[in-house]
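Novice: I'd like to ask some things about the structure below.
Any read-out appearing in this document is the output of simple, stated calculations on the displayed coordinates, not a laboratory observation. For clarity, every value in this text was computed on a predicted model and none was experimentally measured. Every residue, glycine as well, gets a Cβ built from its backbone with ideal geometry; the counts of neighbours run over all protein chains shown.
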């Protein structure tokens, strides 16, 4: 009993000292400085392929350099450079039963630059009508790999218009697939007898870059712990003359701020057994392409855990000093984190929004798919968040103390994984 009592006492002393260290080394004023910079108007909403995201990248690189991080193996600097194909539509013409469809009632989603269909037997005709879940059906179409003419019932006009407007800006892909093409037509076309589709688009190769730095491990350098967030956002949203900049303060300047702050914290501690990778992902908002590229640059079997941080700008539905972890039930990652928070007021909860499928909607998904205990930590009340993906997601709406408390909790809760004492169980690989 005396031995057990001594162990408990030592654990509590250790937890207390770590808590004091976190409070001393993680400064709310500095947290505010970083997030204020990333979400400022001069970043222009940090949209992929814009001067705004370049400015954000330079800021993050400068922070990494000040901290003293090293580039990842194979990189001369902090940028992980890669390219993607963007296809921008030039002209889409659809004819149903001999009648031309209006330009606002048809659009194509494809990486091909030309389509010419005339009653083509290779094209599957699909009706998206009564009783269907638009989002679920749409995701199914994207994964089908087929050529499809999709006739959309007018009840889905709002969703159709959102997709059409997005399609007009062009589509981005890592692997162009000319064999897949989706053409959407809005209207009642139950009596389809014939169709013609003519489409032309412009293809171009565009550069992207994650910003990644490391702190090499002292005793287990070939085992990696990843801390991540995405630094891109939506950029300029037209329609409101008073404000067109989607600043992305919570989504996800808050997460990127956490990554920078944790890098600074662990660099000062200088005692990490495992190698720590700090990465700000690009292109999350247009398809998680940054994290998908990152997943090809590391051996997933060597990645022990991934702390992906997404939208921690306000108190969670569980109140202050709380956050939730997506995919909590898929590994013991969350259990380990909560154990390391014993004696503190902070608590991690399972994801309260399972219907949102958040586990596979953020950058953790790219590594979770190959078995890594990769989870997203968030506080966002996604079911009622009216600022999400709007121009009102600004610094003034954030609770900086909540952000700071969450960063401190991540620092405390990650310590046994960073030290090599705990290794979370692997998650089930995503079946393809």
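Novice: Sorting 296, 48 on the 10 Å Cβ count, fewest up front, what's the list?
Specialist: Least crowded to most crowded, the residues run 296, 48.
Novice: What percent does the relative contact order of the chain come to when contacts are Cα pairs within less than 8 Å and at least six residues apart?
Specialist: Rounded, it is 20 percent for the chain.
Novice: Where does the Debye-calculated log10 I(q)/I(0) of the chain sit at q = 0.13 Å⁻¹, using only Cα point scatterers of equal weight, no solvent?
Specialist: Each listed q corresponds, in turn, to -1.13.
Novice: Further question: Can you check what the Kirkwood hydrodynamic radius comes to for the range 210-258, Cα pairs only, in Å to one decimal?
Specialist: After inverting the pairwise mean of 1/r, the radius is 13.5 Å.
Novice: Using mean Cβ contacts within 10 Å as the protection proxy, how do 275-284, 221-230, 260-269, 128-137 order, highest first?
Specialist: Averaged packing, sorted descending, gives the order 275-284, 221-230, 260-269, 128-137.
Novice: What is the spin-label model distance, in nm, from residue 349 to residue 33 if the labels are put 7 Å beyond Cα along the C-beta direction?
Specialist: Output for this residue pair reads 3.4 nm.
Novice: If you don't mind, there's one more thing I want to ask. Which value at 222 nm does the chain reach when only helices count, each DSSP H run of 4 or more adding -39,500 (n - 2.57), with the total divided by all residues and rounded to the nearest 500 deg cm²/dmol?
Specialist: Calculated at 222 nm, the ellipticity per residue is -9000 deg cm²/dmol.
Novice: Note the direction-averaged projected area, equal to a quarter of the hull surface, for the Cα convex hull of the range 296-432, in nm². Can you show the working numbers first?
Specialist: Values: hull surface 36.2 nm².
Over all viewing directions, the range 296-432 projects a mean Cα-hull area of 9.0 nm².
Novice: GNM, the chain, Cα, under 10 Å: largest mean-square fluctuation among 55, 392, 127?
Specialist: Result: 127 has the largest fluctuation of those listed.
Novice: Between the range 201-222 and the range 77-146, what's the alpha-carbon centroid distance in Å?
Specialist: 31 Å
Novice: Still on this model: How would you rank 201-207, 417-423, highest first, on the average number of other Cβ atoms within 10 Å across their residues?
Specialist: 417-423, 201-207
Novice: Fewest to most neighbouring Cβ within 10 Å: what's the order for 79, 33? Can you show the working numbers first?
Specialist: Values: 79 19, 33 12.
In order of increasing Cβ crowding within 10 Å: 33, 79.
Novice: Which angle between 0 and 90 degrees, to the nearest 10, do you get for helix 51-67 versus the longest principal axis of the chain when only C-alpha atoms count?
Specialist: With rounding to tens, the tilt is 20 degrees.
Novice: Quick one: compute the contact order of the range 99-193, relative version, from alpha carbon pairs under 8 angstrom and 6+ residues apart, as a percent.
Specialist: About 46 percent, as a whole number.
Novice: Ratio of Rg to Rh for the range 99-193, alpha carbon only, Kirkwood?
Specialist: 0.92
Novice: Where does each of 144, 378 land when they are ranked from fewest to most other beta-carbon atoms within 10 angstrom? Don't skip to the end; give the middle numbers.
Specialist: On the way: 144 13, 378 28.
The most exposed by this proxy come first: 144, 378.
Novice: Can you quote the Å³ per residue value for the convex hull of the Cα atoms in the range 41-117, rounded to an integer?
Specialist: 140 Å³
Novice: For the chain, modelled as a Gaussian network with Cα springs under 10 Å, which listed residue fluctuates most, 404, 390, 118?
Specialist: The residue with the greatest mean-square fluctuation here is 118.
Novice: Additional query: Which order do the peptides 332-342, 242-252, 298-308 come out in when sorted by mean C-beta neighbours inside 10 angstrom, highest first?
Specialist: 242-252, 298-308, 332-342
Novice: Ok, one more. D for the range 275-314, whole µm²/s, Stokes-Einstein with Kirkwood Rh over alpha-carbon pairs at 37 °C and 0.692 mPa s: what number?
Specialist: Result for D is 283 µm²/s.
Novice: Further question on the same structure: Based on DSSP, what percent of beta bridges with both residues in the range 99-193 are antiparallel, to the nearest 5? Present the calculation step by step, with values, prior to reporting the outcome.
Specialist: Numbers: 5 of 16 bridges.
Rounded to the nearest five, the antiparallel share is 30 percent.
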